[in-house]
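Encoded as structure tokens, the structure appears first; notes follow it.
The values are calculated or read from the model by the stated rules, or taken from the named source; none is laboratory data. Quick caveat: nothing in here was measured; it's all calculated off a predicted structure. Positions of Cβ are backbone-derived with ideal geometry, glycine not excepted, and every protein chain shown enters the neighbour counts. Calculation scope for accessible area: heavy atoms of the full protein, side chains included, ligands and nucleic acids excluded. Shrake-Rupley method; radii C 1.70, N 1.55, O 1.52, S 1.80 Å.
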Amino acid sequence: MKLDGRRESDNFEDRRGMSGSSKAGMGIGSLILIGIVTLLMGGNPLEVLQNAGSMGIGAPQTTESAEPYQETAEEAEQVKFCKQILASTEDVWSQVFQKMGKKYTPPTLVVFSGSVQTNCGGATSAVGPFYCSGDQKLYIDLSFFKQMENQLKSGGDFARAYVIAHEVGHHVENLLGILGNAHAQMQQTNKTKANQISVRLELLADYYAGVWAHYEDARFGSLDETDMREAINCAQHIGDDYLQKQAQGYSQPESFTHGTAEQRMRWLKRGYDTGNMNTTTFTGNYSDL
């Protein structure tokens, strides 16, 4: 992905070296790669995936304590990359929202290490990158990128960009009122149907990541076939069916919260191919997604 000379976003917080309590809820559940990371760390990915839609509302207040953090040269490059991708999403979504007669308010990217406290509750690095609608911030521990490359075999700069763009996709859902309506519906229905709503949210965030890539490439010519293959490879390895088969040898469709590998790849590519904001995952039968 070509980013030479591109601007870096100022909507950034560095909380590395700060330690936050993780007794509260895990956040709203846009936890990309959450299952495989939990599996690799010795936990139960099914248990985490099935609770990935919680918002942590009403979580107790906790404090964060700061410790000196020594940034490596590799981490400095990763921070620069994240800021450049975030800046690109700001430029793209500002224009897209303007065409819709709306104003885009960009989210803030928070880089942390170990654990962090959010308006959606406390979280640790084990949950992967996530978005909190309570403070409109994206959270990521940079060590996650190394896990992607070494353990998930999903390396490449555009795979990392996809991770960020997916979480920004949840922010877009939030600004459009989709996220709030979906979570309200999830609170009023049974577990199976709530999981299906969660899948629709996750696939739409994948689609919006593709929409961002569509306009990013159209404006800057920054992508090539290798870049898209990196993102699709990443999407392939974060489907619920793939994660569950890795964890227990079989999948349970009724417990899916993020969509299958095929669905995630298809909706990401569809967004990239069309850039059409009139498309949604919230119409039609669930079986047709």
Counting only residues in region 112-132 that are assigned to a strand (DSSP E or B) and of a type in the set (A, V, I, L, M, F, W, C), the one surrounded by the most Cβ atoms within 10 Å (Cβ to Cβ) is identified as Val116
Checking Glu202, Glu230 in turn, the sole residue that is crowded, with 24+ Cβ neighbours inside 10 Å and under 19 Å from the mean Cα position of the chain (by Cα) turns out to be Glu202
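Kindly provide the set of residues from region 192-228 that are among the basic types (Lys, Arg) and either under 26 Å from Asp135 (Cα atoms) or touching a residue at least 24 places away in the same chain (Cβ under 8 Å) (or both), ordered by number.
Scanning region 192-228 gives Arg200, Arg219.
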Does Asp135 fit the bill of being surrounded by fewer than 18 Cβ atoms within 10 Å (Cβ to Cβ), touching a residue at least 12 places away in the same chain (Cβ under 8 Å), more than 24 Å from Ser255 (Cα to Cα) and charged (D, E, K, R)?
yes
Is it the case that region 26-37 has a residue that's crowded, with 16+ Cβ neighbours inside 10 Å, of a type in the set (Gly, Ala, Ser), over 21 Å from His171 (Cβ atoms) and at pLDDT below 95?
yes
Taking region 143-172 and keeping only residues that are crowded, with 22+ Cβ neighbours inside 10 Å and either among the charged types (D, E, K, R) or over 22 Å from Leu203 (Cβ atoms) (or both), one is left with Phe145, Arg160, Glu167
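Could you check region 261-279 and list, in sequence order, the residues that are open to solvent by less than 40 Å² (accessible area, probe 1.4 Å) and part of a helix (DSSP H, G or I)?
Ala261, Gln263, Arg264, Trp267, Leu268, Gly271
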Reported set for region 250-260 where residues are without any contact (Cβ under 8 Å) to a residue 40 or more places away in the chain and open to solvent by 60 Å² or more (accessible area, probe 1.4 Å) is Tyr250, Pro253
